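To keep things clear, I will list the structure first and then write my remarks on it.
The values are calculated or read from the model by the stated rules, or taken from the named source; none is laboratory data. No experiment lies behind these values; they were computed from the predicted model shown. Virtual Cβ from ideal backbone geometry, glycine too; neighbours counted across all protein chains shown. Each accessible area value is taken on the protein alone, full model and side chains, heavy atoms only, with ligands, DNA and RNA left out. Shrake-Rupley method; radii C 1.70, N 1.55, O 1.52, S 1.80 Å.
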Amino acid sequence: MKKLLLSLLALSPLALFAQEPVDTTAFRMIRDAEMTDSHIPDIAYHITDASGSRLTNSPGYFRAANWAVAEMKGWGMQHTALEPWGEYGRGWEIEDFHIGMKAPYAGYILGYPLPWSNNTNGEIHAPVFLMTQSQLMDSAWLIQHAADMKGKIVLIAAPNDKHAFDDTKPYATRYTDSELVKLPDDYMLTRDMLLGYLKPVAQQERNRLRLKANGALAVIYAGGNKQDGTVGVQSFRNYKVGTPLFLPEANISTEDGFKLKRLINEGKTVELTLDIQARFNSDDTRGYNVVGEIPGTDPSLKAQLVMLGGHLDSWSAATGATDNGAGSIVMLEAVRLLDSLHLRPKRTIRIALWGGEEQGLLGSYHYVLNHFGNAETSQFKPERDLVSAYFNLDNGTGRIRGIYAQNNKAIQPIFQAWLAPFADLDASTVTLSNTGSTDHLSFDWVGIPGFQFIQDPLDYETKTHHTNMDTYDYLRIDDLKQAAVIVASFIYQASVRPDMLPRKPVVKETFVFDGF
């Protein structure tokens, strides 16, 4: 009985935690190097301010991607390149934009063109026709009011007003210990959920084309879900070659939208000027990821991989600092630290900065198809069996508080041991919960252990995510330094661990994203 109890104890998570060796000397070297000579501010500047917005296949995306390739090569990393992953679509960048109010008086309006918007071909000046989002979804209503919107700028405004906002809640928050203990599954979408979402999107797209056929000149959206000058800006599908272009379209601030709506409802004639000048580029419609490697040094393990990454692409109204410049910045800093410290990983470390994530994880999904195989058909490639794990960062600029184990019970005590040296940095949670909607899912799909770190939310969802506020000034540099230390330590530990990390069984299923 005593031997049986000892055997059971040896299999317990606490025992496994104690048995997992951790190179705390290397961890300390990584931490000291980051805290005394961090390159994060410089990397952040080049990814955001110097590159501009990074809509996939835009000049800004390639400015950032080419800079990252050259920088990694300068650090001494190998196989640094822009790697094509397959057909994506056309690039787009804004060249000039203006929106303003001309009647009932001249006034300013805060707004941004939608990605892949059509051009106005010079400034247009026209009265405004007011409608709601529900009316946009009503084909019969649009046919009935076709003559009313001809020659006008359509304003699609939210039904509520400013008083619906709760100004007493803070924009930025950090997780409490009690919240970390109870983290639920987050951002998880099923195929049915996604199809249920895309069905009304398809209806809306048909009706956006109907507005064009009705003779409207442009469309302005005032969504009502942001406040204090924060404007959400994103779009779908018009990057694909051959898809018809809608009217010139822009999003304006909630407050400006409510003002225009009140004026119209009081019987005033509201007139706007709008000028959108953008450039489409279809010279090369392939999508590209950024890749680079630190070669492994162990003859028997160097063919194996430990991967890390985050998506490099962003939306167009800002410079994508928190989504997901922050993840790219941290991952670049992590490999720089490991390379500069000459820590000699046993396995090869490969970084990948993904394109096309905002359109449905396209860059990582096609990378997985090209290199590792297809879970839907159960056709896998030999390289899949050589990847120990993939680590992702894509939840803003907040410090790391732990990691999602993606229901991989065998990994939990291992990660607990790896996080133990960082308790003083407030990173200790290993939850079995799942998180989705980002690039680790592409790896998880084919059975490669894929993980996303838990990050403090700060003002990611409330202020910066997919908005005009997603700029360098919202980066928390100290939080990014902490994240770089933990990521670099995890990557190094995975690279020198005697065994590859344990895997979950592969579930044969269709990939959930692959193109909005």
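Brief remarks on what is shown
- On the principal axes of its alpha-carbon atoms, segment 111-233 has extents of 58, 35, 27 Å, going from largest to smallest.
- Sorting His440, His466 by accessible area puts them as His466, His440; the probe is 1.4 Å, largest comes first, and only protein heavy atoms count.
- Calculated FRET value between Asn225 and Asp37, using beta carbons and R₀ = 35 Å, to 0.05: 0.25
- Modelled label positions at Arg63 and Gln133, each set 7 Å beyond Cα in the direction of Cβ, lie 3.2 nm from each other.
- Charge dipole magnitude, Cβ of K and R +1, D and E -1 - segment 327-446, Cα centre, debye nearest 20: 440 debye
- Distance between the C-alpha centres of segment 450-516 and segment 43-117: 21 Å, rounded to the whole angstrom.
- Cα shape, segment 92-161, gyration tensor, a/c 1.5 rule: prolate
- The dipole here belongs to segment 246-311: it is taken about the Cα centre, uses +1 on the Cβ of Lys and Arg and -1 on the Cβ of Asp and Glu, and is about 180 debye.
- Inter-part distance where segment 407-441 and segment 354-392 are each reduced to a Cα centre, Å: 21 Å
- Efficiency of FRET from Cβ geometry, Asp478 and Ala103, R₀ 56 Å, rounded to 0.05: 0.70
- Extension gain (nm, one decimal) between Lys169 and Thr269, 0.36 nm per residue minus Cα-Cα: 32.4 nm
- If the chain linking Asn281 and Ala303 were pulled fully straight, counting 0.36 nm for each residue of separation and taking away their Cα-Cα distance, it would gain 4.1 nm.
- Cα-based Kirkwood hydrodynamic radius, segment 259-375, one decimal, Å: 17.9 Å
- Between the helical axis of 254-265 and the longest alpha-carbon principal axis of the chain there is an angle of about 20 degrees.
- Only Cα pairs under 8 Å and 6+ residues apart enter the sum, and on that basis the relative contact order of the chain stands at 23 percent.
- Positive-pole candidate from Pro244, Ala484, His465, dipole of the chain, charges at beta carbon: Pro244
- Check: segment 193-332 dipole with +1 on Lys, Arg Cβ and -1 on Asp, Glu Cβ, in debye: 660 debye
- Tyr197-Phe380 FRET efficiency (beta carbon distance; Förster radius 25 Å; 0.05 resolution): 0.25
- Projecting the alpha carbon convex hull of the chain along each direction and taking the average yields 26.6 nm².
- C-alpha long axis of helix 326-340 to longest principal axis of the chain, angle in °: 30 degrees
- Rg and Dmax of segment 34-113, Cα atoms only, in Å: 18.7, 62
- Normalised per residue, the accessible area of segment 430-516 is 29 Å², obtained with a 1.4 Å probe and no contribution from ligands, DNA or RNA.
- Solvent-accessible area, 1.4 Å probe, carbon plus sulfur percent, for the chain: 54 percent
- Global form of segment 373-512, assessed from the alpha-carbon gyration tensor, a/c cut-off 1.5: oblate
- For Arg208, the solvent-accessible surface with a 1.4 Å probe is about 10 Å², rounded to the nearest 10.
- Between Val506 and Arg262, the simple spin-label model (points 7 angstrom out along Cα→Cβ) gives 6.0 nm.
- Positive-end residue of Phe372, Leu362, Gly309, charge dipole of the chain with Cβ unit charges: Phe372
- Expected 222 nm ellipticity per residue - DSSP helices of 4 or more, -39500 (n - 2.57), all of the chain, to 500: -9500 deg cm²/dmol
- Considered as an equivalent ellipsoid built on the Cα gyration tensor, segment 321-390 has semi-axes of 25, 20, 6 Å, the largest given first.
- Computed from Cα positions, the angle between helix 362-371 and the longest principal axis of the chain comes to roughly 40 degrees.
- Rg ratio for segment 194-287: its Cα radius of gyration over 2.2 N^0.38 Å, N being its residue count, equals 1.28.
- Using 0.36 nm per residue and subtracting the Cα-Cα separation, the extra length available between Ala140 and Asp499 on full extension is 123.0 nm.
- For segment 225-316, accessible area per residue (1.4 Å probe, heavy atoms of protein chains only), Å²: 37 Å²
- Solvent accessible area, Å² - Val507, 1.4 Å probe, full protein context: 90 Å²
- At the listed q of 0.18 Å⁻¹, the Debye profile of segment 146-216, built from one uniform point per Cα, gives log10 I(q)/I(0) equal to -0.97.
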